[in-house]
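Down below is the structure, laid out as structure tokens.
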Amino acid sequence: MIESSFEEAVSKEWVKTQINDLTNELVILRQIISWQTIISQLTQFYESNSGRIGKSLRVMVALTILSRLRSLSDREVVEQVKENRYMQYLCNVPDEKLATFVNPSLLSRFRKRLGKNGIAIIETEVFELLRQSDVIDKDTLMMDSTVLSSNIIYPNDVLLIYKAFSKMCIFACHYELPFWWNQSYIKKQWRAFNRSKKGERVAYLTEFNALFVPALETFCNRVETLMETLEVPESEKAKAQNLLALLTLLKDQTQQKLSGEQHIDNRIVSLDEIDARPIKKGKSHPSCEFGTTLQMSFNRQGFMITTENLIGNPSDKTLYGNTLNLFVHRMHGYPDIAVTDMGFRSHENIKNTPKSISHIFLGRSEDVATDKQEYCCKARSATEGFIAVAKHLRGFGKSLYHRLHGDRVWTLMCQTAYNLKKFLQLYRDEKLEEKSLRSLGLIELFCSV
């Protein structure tokens with residue numbers, strides 16, 4: 001069970017004595033976020049009449065937002081809430097529950113329970129709040145793609161085979177099976193490989209592959225035997241089959257590499273992050289990154305309108321149409337100007353862009369009228385700046401969650417924090433209109449002082 005309603009946990013007297021700065025960004029966010037709307041939609045992920053009462057959804061949602069807003073780990077965000085009155089106020093945690101209000105491990109379980117659909121509810125509600133308050137304009141669409149790097153060490157082929165033996169080792173230990181390979185020799189050769197020179201790596205790859213192929217055949221027989229065992233749960237059987245398929249793919253790709261092939265389709269770079277791929281984006285450094293493709297769009301203010309997470313490195317030309325449709329759907333209307341780089345340029349994209357968009361800039365100044373060329377060139381340059389801020393300051397530089405599903409959850413959380421930070425920036429610079437402030441309840445907040 002879960003609490004389905006939001007009640008104030010701090011009194012007005014507490015606020016008067018503890019919250020001295022009503023312009024603090026956490027006070028502003030507590031005021032504008034539609035907590036009850038979010039909570040009402042998240043109750044679908046919980047049983048309504050069974051189980052013990054869980055932690056407050058209001059607290060868990062606020063902690064999730066705060067962790068990305070301040071780039072904190074689960075443990076750090078819980079500890080800082082205990083020490084910071086403004087964080088406590090945002091998260092609606094009363095003094096009497098402050099010492100033990102939540103265990104950091106619950107945040108991980110909370111995200112797993114919600115998944116990408118639940119986190120999308122939080123992101124969408126925050127975005128819609130800003131859009132409906134006329135904070136976010138739809139005048140200009142600016143799109144580009146980048147790499148959301150996975151949290152893995154730089155891959156090499158021998159390391160993948162060594163990790164494959166580690167995976168089989170875990171399997172053998174779980175089912176109390178003796179190792180069907182010489183584990184001591186594997187470790188010895190792994191240490192020798194780490195001391196070797198670059199020119200010796202092919203020889204070590206050949207040796208490790210020769211050890212891996214027969215071990216994989218035996219592993220295949222072990223998995224087949226496991227499939228016939230009635231006492232083993234279906235979930236464990238599926239996990240074993242998935243591992244076998246992954247290791248078989250690794251064997252095939254290793255043999256392709258040894259045969260001299262340079263370009264291997266759908267090449268895996270990690271046995272833990274199997275959706276990560278080597279991706280080149282035409283940058284001088286680093287020339288290749290390992291992760292998933294992140295397709296993004298912004299408006300001219302710098303708000304992040306849409307995001308998509310994709311495996312591999314699809315052509316930007318193929319991403320243009322769907323990104324445009326997502327922008328129109330989220331903003332409930334067409335932009336006046338669409339701005340991209342040359343990577344999105346194609347005759348089909350130009351032809352299929354709706355006539356409702358007055359100006360289409362696909363990397364060339366002559367695409368638009370003379371009076372719009374400077375604006376579009378500056379917008380194109382600004383897109384790179386927005387992506388740089390997203391990657392270096394807002395968490396989009398590296399995903400700390402697993403697989404494409406985890407990357408999507410990470411992206412949605414970071415997108416929520418990014419747009420809230422952009423809102424706070426415009427608010428501090430006094431660039432928001434009075435009707436927007438009134439719609440968000442900020443006029444009443446300061447009038448009540």
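The values are calculated or read from the model by the stated rules, or taken from the named source; none is laboratory data. All values derive from a computational prediction rather than experimental measurement. Cβ placement follows ideal geometry from the backbone for every residue including glycine, while neighbour counts extend to all protein chains displayed. Note: accessible area is taken over every heavy atom of the protein model, side chains too, but ligands, DNA and RNA are not part of it. Shrake-Rupley method; radii C 1.70, N 1.55, O 1.52, S 1.80 Å.
Tabulated values for the structure
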item: Residues being within 22 Å of residue 300 (Cα to Cα), out of contact with any strand residue (DSSP E or B) (no Cβ under 6 Å at 6 or more places or on another chain) and open to solvent by less than 20 Å² (accessible area, probe 1.4 Å) - total across the stretch 96-152; result: 8
item: In the stretch 315-324, the residues that are hydroxyl-bearing (Ser, Thr, Tyr) and either farther than 20 Å from residue 121 by Cα or open to solvent by 60 Å² or more (accessible area, probe 1.4 Å) (or both); result: 315, 318, 320
item: From 396, 361, 386, residue being within 15 Å of residue 320 (Cβ to Cβ) and surrounded by 21 or more Cβ atoms within 10 Å (Cβ to Cβ); result: 361
item: The one condition in (1) modelled with pLDDT of 90 or more; (2) of a type outside the set (Ser, Thr, Tyr); (3) open to solvent by less than 50 Å² (accessible area, probe 1.4 Å) that residue 54 fails to fulfil; result: (1)
item: Top-ranked residue of the stretch 248-279 - restricted to ones that are touching a strand residue (DSSP E or B) at 6+ places or on another chain (Cβ under 8 Å) and open to solvent by 30 Å² or more (accessible area, probe 1.4 Å), ranked as farthest from residue 312 (Cα to Cα); result: 267
item: Some residue of the stretch 6-29 being open to solvent by 60 Å² or more (accessible area, probe 1.4 Å), modelled with pLDDT of 90 or more, in a helix (DSSP H, G or I) and under 27 Å from residue 123 (Cβ atoms); result: no
item: Count of residues meeting criterion [under 24 Å from residue 348 (Cα atoms), among the small types (Gly, Ala, Ser) and without any contact (Cβ under 8 Å) to a residue 40 or more places away in the chain] in the stretch 283-328; result: 2
item: Looking only at the stretch 203-247, and only at residues there that are small (Gly, Ala, Ser) and free of Cβ contacts under 8 Å to residues at least 24 places away in the same chain, the one that is most open to solvent (accessible area, probe 1.4 Å); result: 235
item: Residue that is farthest from the chain's Cα centre (by Cα), among those in the stretch 343-356 that are assigned to a loop (DSSP other than H, G, I, E, B) and either at pLDDT 95 or above or of a type in the set (D, E, K, R) (or both); result: 355
item: Cross-chain or 6+ apart pairs with Cβ under 8 Å, the stretch 405-419 first and in contact (Cβ under 8 Å) with a residue 24 or more places away in the chain, then open to solvent by 10 Å² or more (accessible area, probe 1.4 Å) and acidic (Asp, Glu); result: 407/275
item: Given (1) open to solvent by 20 Å² or more (accessible area, probe 1.4 Å); (2) at pLDDT 95 or above, number of the condition residue 437 does not satisfy; result: (2)
item: Pairs, first at positive phi in the stretch 248-260, second open to solvent by 50 Å² or more (accessible area, probe 1.4 Å), C-beta under 7 Å, six or more apart; result: none
item: Filtered residues of the stretch 122-156 (kept if in a strand (DSSP E or B) and among the polar types (S, T, N, Q)); result: 140, 145, 146, 149, 150
item: Residue that is nearest to residue 176 (Cα to Cα) [pool: residues in the stretch 225-267 that are modelled with pLDDT under 90 and under 31 Å from the mean Cα position of the chain (by Cα)]; result: 267
item: Odd one out for residue 363 among (1) at pLDDT 95 or above; (2) in contact with a helix residue (DSSP H, G or I) (Cβ under 6 Å, 6 or more places away or on another chain); result: (1)
item: Residue satisfying condition, being surrounded by 16 or more Cβ atoms within 10 Å (Cβ to Cβ), out of contact with any Pro (no Cβ under 8 Å at 6 or more places or on another chain) and closer than 29 Å to residue 388 by Cα, within set 290, 327, 303; result: 303
item: Residues within the stretch 172-202 that are surrounded by 15 or more Cβ atoms within 10 Å (Cβ to Cβ) and of a type in the set (D, E, K, R), tallied; result: 0
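Conditions tested, residue by residue: (1) within 26 Å of residue 392 (Cβ to Cβ); (2) of a type in the set (A, V, I, L, M); (3) touching a residue at least 60 places away in the same chain (Cβ under 8 Å); (4) not in a helix (DSSP H, G or I).
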residue	(1), (2), (3), (4)
63	yes, yes, no, no
81	yes, yes, no, no
90	yes, yes, yes, no
93	no, yes, yes, yes
99	no, yes, no, yes
103	no, no, no, yes
107	yes, yes, no, no
112	no, no, no, no
120	yes, yes, yes, no
